[in-house]
Every structure is written in C-alpha cells, then in structure tokens.
Amino acid sequence: MEAITVHTGKAVALMRNDIDTDQIIPKQFLKNILKTGFGINAFFDWRYDKDHRPIPDFILNKPSSKGATILVTGNNFGCGSSREHAAWAIKDWGFKVIIAGGYSDIFYMNCTKNGLLPIVLPQAARDVLAQATPEETITIDLAHQKVIYQDHIYQFDINPTWKDKFLKGIDDIDLTMSHIDEIEAFEAKRQTFGAKTPA
C-alpha cells in the first residue's frame, strides 16, 4: 500500500449527500476481483447517458477534473451495500483522499484497507474546500492531521491504528507479516506439543 504522509493535490467537489455504493459502482460492474479497471465506470449512471456517451456537465467528465486526487463530498458517503468495489473504483479513478461529512462504517473500513484516506470534516470546512479552483491545490498533512487550503487549516481526527498504517504504507497483510518471527515460533511450539511420542 502506498504511504501517505503529506499529500498535495487538486480537488473535485461532488457535494451530494447519501451517495451510496451502487451509485459509486453499479452492480453490473462487480465481475472483477482484481481491484483495477473500475475507475472508468465509477459513478457510471451520472457520468454517461443511455448510449454510454460521457455527459459533459458531470464534474468528473470535465477536463478540469483530470488529475484530481482529492474528492470533497457530502454526508453519509458510501452508504448502501458493503461492496469493496466502491473503494476500488474511487481509487482506480485516481483519488487518494476523500473528504466527507461522514461515511458508512463498512465503506470507511474498505477505504482504510485499500489505501484510500477517508477524512471527516464539518459542512462549513467542506464548503470552503469545494471552492478550490482547478489551478489550486489542497494539502493533507496526515502526520499532524491537518487539511490546508490557502490560509484555512482544518484539523481532523483519525484512529491511531489507521493513521499508522497510512503513514507506513502497510495493509493488514503487511501488519501480520511484521510478526512473522512470533508466528513461526508459535507454530514450531504448537507442532512440538502436538507431535506424537514415538512408540
């Protein structure tokens, strides 16, 4: 997993509440389990018309949104089903950070397990961040838990465990493997105790 310590990037504002996982990645695209290839279909029903042509007015289809890495959005983001593909789709589109008013618990956890940093900020802060132009950037200082835009600085909370994983760029498997010596010692001890005594 890619580490995030300080990230500076362009933002896209999609200020809608209750964006559910079926809107993020519709069910017909849940055939792949490789975590890639979902970005092109992220927000499919909003991005394309009935003939699968891009809708020019939708924010993610605008040329100014190309290269954005920060999604600023509404409350209760990622509600609905538990599909992990929703986090995959947002990350595959190119986002590294989501700033919302809140998340469904499962979606939040799916983000933390896939290197997508979910930040919670109040409405007033997000309204300011949503005004950022394509020429401006927003900085996330994870070590100090700050979102910085122009002369605005917003503090955010994050569980110390998830923060440490992002700072170090490790996922659950990496965390498990960091205890490989203890695991191997336990397994060796277990096998010794479980061995049959020769007749």
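Read the figures in this text as sums done on the coordinates, not as results from a lab. No experiment lies behind these values; they were computed from the predicted model shown. Please note: Cβ atoms are built from the backbone with ideal geometry, for glycine as well, and neighbour counts cover all protein chains shown.
Overview of results
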item	result
Antiparallel %, DSSP beta bridges [both residues in the range 74-154], to 5	55
Distance violations [Cα-Cα > 22 Å] among Lys165/Lys189; Lys10/Lys165; Lys35/Lys113; Lys62/Lys96	Lys165/Lys189; Lys10/Lys165
Relative contact order (%) - the range 1-144, alpha-carbon pairs under 8 angstrom, separation at least six	34
Förster radius 25 Å - calculated FRET efficiency between Asp45 and Thr5, Cβ distance, rounded to 0.05	0.10
Net charge over other residues, Cβ less than 14 angstrom from the Cβ of Ser81 (K, R count +1; D, E count -1)	-3
Label-point separation, Gln123 to Gln28 (7 Å along Cα→Cβ), nm	3.5
For Ile158, net neighbour charge (Lys/Arg +1, Asp/Glu -1) across residues whose Cβ lies under 13 Å away	0
Helical contribution to [θ] at 222 nm, DSSP H n ≥ 4, -39,500 (n - 2.57), averaged over the chain, rounded to 500	-8500 deg cm²/dmol
Extension reserve of the Gln150-Asp171 stretch, reckoned as 0.36 nm per residue once the Cα distance is removed	4.3 nm
Those aspartates and glutamates that a straight Cα-Cα span of less than 12 Å connects to Lys66, excepting residues fewer than 8 apart in one chain	Glu135
Within-15-Å neighbourhood charge of Leu34 [Cβ basis; K, R +1; D, E -1]	+2
